[in-house]
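Note sheet for the following structure.
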Amino acid sequence: MPFGSRDLQGLVIAVHHRLPPGAPAKDLKAIRSLGAASLGHLLTADQIELSHWVADRYAAPWGQCVKLVLPPDDRVRRLPSRYVATELSLASPSPVGALSAAETELLTRLRRRPKGIMAATLLKGDTSRRKLALQALLQKGLVGRHEQPVVSKTIRLHKQESSAPGGALPIGVEAEPAVLEDPPPEAQAWPDLLERTLEQEAVVPLLLQGNQRTRLWCLARAAQATIRRGKQALILTGDVEHACRLAGALATVGIRPVLLHSGLSVQERAEAWQAAQGGSAMVLIGTRMAAFSPLERLGLVWVEGEDDASLKEEQVPRYHAREVARQRASCARALLVLASNHPSLESLSAVQEGRMTRCVYRDPYQAPNVDVIDMKDYPRESSGGALLSPPLIEGIREALGQQALSILYLNRKGFATVLHCADCGAMPQCDACSVALTFFRRSNHVRCHYCDRTKPVPEQCPRCQSLKLEPVGSGTERIEEAVRRVFPQARVARVDGETIRRPSDARAFHRLLAAGELDIVIGTQMIFRLGLQPGAAFVALPDADAGLHIPDFRSAERMYHALLDAADLARPGCAGGRLLIQTRFADHHAITAVVSGDEDLFVQQEHVFRKMLHYPPWTHLVRLDVSGTVESVVAQAAGRWVTMLRAQVAATGRRGAGVNQHETTAMGSAEPEPLSKQILILGPSPAPHVMTRGRYCWQILVKSAALEAGKEIAARTREGLERESRRGGLRYDIDVDPVSMA
């Protein structure tokens, strides 16, 4: 279709026999051409309705949401059109009908080029005149138009077996041990509960809580029960590696799932899509894109790691795959299972409200012994600034004496967090982002962890030209160097984005670990994504509370989850397994909950904090971002948005509150009004990192008890802003239920 100076591909959603009232008939443009499409490309009413739901739920343009339900090969970028002379024009040197001078010129050029000419080349010059001439030649059948899809340059992490229909099990995926056949003692009630739930007319969602092995066993039983009923199962997870491990685990019990994720080529994704649509895929496993797969006989929707932030799409449309899964299960009357070792507070709140049934399958005897080290008692000079306290060193030494594995978890890459000038206090920052550059000693460079820009290590301070630039803070590189210095004979491996770049790197690491060739493993969150089995004699978090310094109301929850994940890598306490937590907040409720093994201690305290400050799950949150290339214009636009929001709140009869008003309400002695009677508006204020990738960003938060209330005023006011002005390359974004405030 012609759209301004370009031609765009469109999708026909409905056909009417007359124009809608008020449509400007004289301004309508003719469709250039119809794309070739098979029956498999036709969208069902359910798919269109799902795209509508996503657009409404996340305040996103419907056109972008429709793309989510299209087959993968329809989402491929296309080259600019190529025009060729047709057989009709080549057969006759003098085509029937008079041609204008412009038409004759274009046709002559095309006849000399049998392979055709790209649109940009053919129309160069007097564009408007040549466009009219080209359109006339197309209508007369003298010129044809061809398009060629461009396969996106995706990293093919896993090739699929050519012999497996729909691409069932990826090559190189190590299957889980056959212990999936043996029921974990704590989960023996699962099959009966599963059967009773599947037989109910109104299916109640389940929240399954347990370790990795228990969840896998429950998943296998649920998938088998679904297949026996002639239904299809959809399994979602946050990352590609985990999806492949799930496929390998199910293969050990005779289930051949189809994989759908971004690591596959466009053709492989299209084949998986067709297998789902045709009904041959009884079990489909994938990342968040798989939430929109065309499974028409859904009987089970399983979200593995339902608290994983990777399930949230950070680009428009900013949907959450867990909520899309909930919607699909509801529409298909399928069983929804949210599974995790540590469920999100939102899911636990749904259990408290009676909207979900919780199944806790955890063996308390599997927990390791937990020690807490208060780092205020140990000066950093004792370990060279690398966070190795004497108890931590002693723990590694004991594990080495037992010829057992030690694991150190620190979710920071590089050698040091920043380079710090000892004279003026300045820190080299990224030119495009308002963040300090991370220092990597081994490769001798500094890098921005937002835009990934890299530059050589500066020799002097950019502000005062001092030569006293010192590394401050510890990353995995620094911990590794300190460990090798203290234990020179130990076999040490580092697991982070620098050392595990390809699937082959992960496989090589697994081989070394399985062969007992490693004594100490140091890594970031990638350790948890590699699917390591419990068995380490000693697990330590050298800086457990580092994430608490992030300006995000979920930082304590993330720290608590990381502590639980680390504990799951250790042996049970009865077998000598130890978890050591180094912290400066030894009395933090997340740490005390892990030490006591009492999850309710953390949940109840966190609920108190969030309820007092009106944060989810006690309220709904909508984050509004205003970004542009000129900060003053961005700040002005953000202020204008807040003014419009407050006007909307006043017009709808609700009480609006600014930042200062909210602080008084939440922190003062007076009891705050129920949020159902108000919408709280916070901001505008600069984003935690005010500049990212060369664009400045200011944020506004809208809190409301009813999601529709906050989302509606945000969407309505954005429309008004976009009509008013787009100075400074402004962009107005809405993130409904954000998982991150950065």
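Could you list, in sequence order, the residues of the stretch 559-577 that are touching a helix residue (DSSP H, G or I) at 6+ places or on another chain (Cβ under 6 Å) and crowded, with 20+ Cβ neighbours inside 10 Å? Across the stretch 559-577, the qualifying residues are Met559, Tyr560, Leu563. Right, Val351: more than 16 Å from Leu50 (Cβ to Cβ), outside any strand (DSSP E or B) and not charged (D, E, K, R) or not? Criteria met by Val351. Residues that are of a type in the set (Lys, Arg) and either surrounded by fewer than 16 Cβ atoms within 10 Å (Cβ to Cβ) or not in a helix (DSSP H, G or I) (or both) within the stretch 620-643 comprise just one, Arg623. Scanning the stretch 585-619 for residues that are surrounded by fewer than 15 Cβ atoms within 10 Å (Cβ to Cβ), in contact (Cβ under 8 Å) with a residue 40 or more places away in the chain and not in a helix (DSSP H, G or I) yields one hit, Gly597. Just wondering, is there one or more residues in the stretch 165-177 that are in the same structural domain as Arg269 (by TED's automatic domain parsing), of a type in the set (Val, Ile, Thr) and either at negative phi or modelled with pLDDT under 50 (or both)? No, because not a single residue in the stretch 165-177 is in the same structural domain as Arg269 (by TED's automatic domain parsing), of a type in the set (Val, Ile, Thr) and either at negative phi or modelled with pLDDT under 50 (or both). Which residues, counting only those in the stretch 453-476, are at pLDDT 85 or above and small (Gly, Ala, Ser)? Correct list: Ser466, Ser474, Gly475.
Looking at the structure I just gave you, is Arg326 part of a loop (DSSP other than H, G, I, E, B), surrounded by fewer than 24 Cβ atoms within 10 Å (Cβ to Cβ) and either touching a residue at least 12 places away in the same chain (Cβ under 8 Å) or among the basic types (Lys, Arg) (or both)? Answer is no for this residue.
Within the stretch 1-37, which residues are of a type in the set (Asp, Glu) and either surrounded by fewer than 10 Cβ atoms within 10 Å (Cβ to Cβ) or over 28 Å from Gln47 (Cα atoms) (or both)? The answer is Asp27, and nothing else.
Can you pull out every residue in the stretch 474-499 that is closer than 14 Å to Thr417 by Cα, out of contact with any helix residue (DSSP H, G or I) (no Cβ under 9 Å at 6 or more places or on another chain) and not β-branched (Val, Ile, Thr)? The answer is Gly475, Glu477, Arg478.
Scanning the stretch 107-120 for residues that are modelled with pLDDT of 80 or more and closer than 22 Å to Gly4 by Cα yields a count of 2. Look at the stretch 385-409: where a residue is over 21 Å from Thr524 (Cβ atoms) and a partner is part of a strand (DSSP E or B), sitting 6+ places away or on another chain with Cβ atoms under 6 Å, you get Pro391/Ile373. Residues considered: Ile13, Ile48. Of these, the only one that is of a type in the set (Val, Ile, Thr) and at pLDDT 85 or above is Ile48.
Scanning the stretch 529-545 for residues that are crowded, with 23+ Cβ neighbours inside 10 Å and either of a type in the set (A, V, I, L, M, F, W, C) or in contact with a Ser or Thr (Cβ under 6 Å, 6 or more places away or on another chain) (or both) yields Ala536, Ala537, Phe538, Val539, Ala540, Leu541, Ala544. Scanning the stretch 277-291 for residues that are surrounded by fewer than 23 Cβ atoms within 10 Å (Cβ to Cβ) and more than 16 Å from Cys244 (Cβ to Cβ) gives Gln277, Gly278, Gly279, Ser280, Met282. The residue that is modelled with the lowest pLDDT, counting only those in the stretch 356-415 that are among the aromatic types (Phe, Trp, Tyr) and touching a Ser or Thr at 6+ places or on another chain (Cβ under 9 Å), is Tyr378. You will find that of Glu241, Glu201, the residue that is at pLDDT below 90 and closer than 30 Å to Arg502 by Cβ is Glu241 and no other.
Each residue in the stretch 261-307 was checked for being among the hydrophobic types (A, V, I, L, M, F, W, C) and part of a loop (DSSP other than H, G, I, E, B), and 4 of them qualify.
The values are calculated or read from the model by the stated rules, or taken from the named source; none is laboratory data. None of these values were measured; they are calculated from a predicted model. Methodologically, a virtual Cβ is constructed for each residue, glycine included, from the backbone with ideal geometry; neighbour enumeration extends over all protein chains shown.
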